[in-house]
Structure formats: structure tokens, C-alpha cells
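Below is one structure, written out as C-alpha cells; the observations come after it.
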Amino acid sequence: MGKAKLITYDLIKPETDYLDLIAEIKKYSDWCKIQKSVWIVSTNDNCITIRDHLKSNMDDDDRLFVAALSGETAWIKSICKDEEAKRVITA
């Protein structure tokens, strides 16, 4: 299993179809959508590799942030449900 990475994005043009971006995120072996534009994935790819891969599915004015998670996390009222996650991810 890979290491947990946090992916967040701001999509500037709401009318644009970002299904390709979401499909690319879901290609990681383990993933969880925890908020509207916040995902956790499990991968051995580094943050730069993830950024460079995902930005090809975004417009030039969109924002993307990728960070490695290490250690404890906690949240409440996450939107992550069984149908919105593929396996459990640990940091």
C-alpha cells in the first residue's frame, strides 16, 4: 500500500466538466472523497508527480494542492461514504 496524499483543488469555471479530473483521481488504488474538492489517495507517487499528472485535466486558472500526510488525522461530517471511497486509507 502506498502513502496517503491529500489532494485539494479550486475549479474556477463551474460550468466546465471536470469528470476527467475526478476519473484520474479514482485511478489510484485507494481513494476517498472527504469534501467537495478534497480527496485522500494512497500512492507511492510523490506530490510533484501527482500534481503534474492531474494538472493536465484542469484549466490554466484552476488551483491544485497536493500534500503528503504523515500521522494522525481527524474530521467530522465528512461526505466520504462507502460509494465515495475505495478502501480505507491510513497515513
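Bear in mind that the values in this text are calculations on the coordinates, not laboratory data. On a predicted model such as this, the values are computed, not experimentally measured, just so you know. All Cβ positions, glycine included, derive from the backbone under ideal geometry; neighbour counts span all protein chains shown.
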task: Just add up the charged neighbours of residue 53: K/R +1, D/E -1, any other residue whose Cβ is under 15 Å from the Cβ of residue 53.
output: 0
- line: In the structure shown, of 27/77; 13/77; 33/77, the pairs separated by more than 22 angstrom at the C-alpha atoms are 27/77; 13/77
field: Nearest-20 debye value, the chain charge dipole, Cβ charges on Lys, Arg, Asp, Glu
entry: 420
Most mobile of 48, 34, 76 in a GNM of the chain (Cα contacts under 10 Å): 76
- request: Using 0.36 nm per residue of separation minus the Cα-Cα distance, give me the extension gain between residue 77 and residue 10 in nm, one decimal.
  value: 22.1 nm
task: Pull out the extension gain between residue 22 and residue 59, defined as 0.36 nm times the separation in residues minus the alpha carbon to alpha carbon distance; nm, one decimal.
output: 11.9 nm
- prompt: Could you give P(r) for the range 3-86, binned at 10 Å from zero, as whole percent values over all Cα-Cα pairs?
  reply: 17, 54, 27, 2
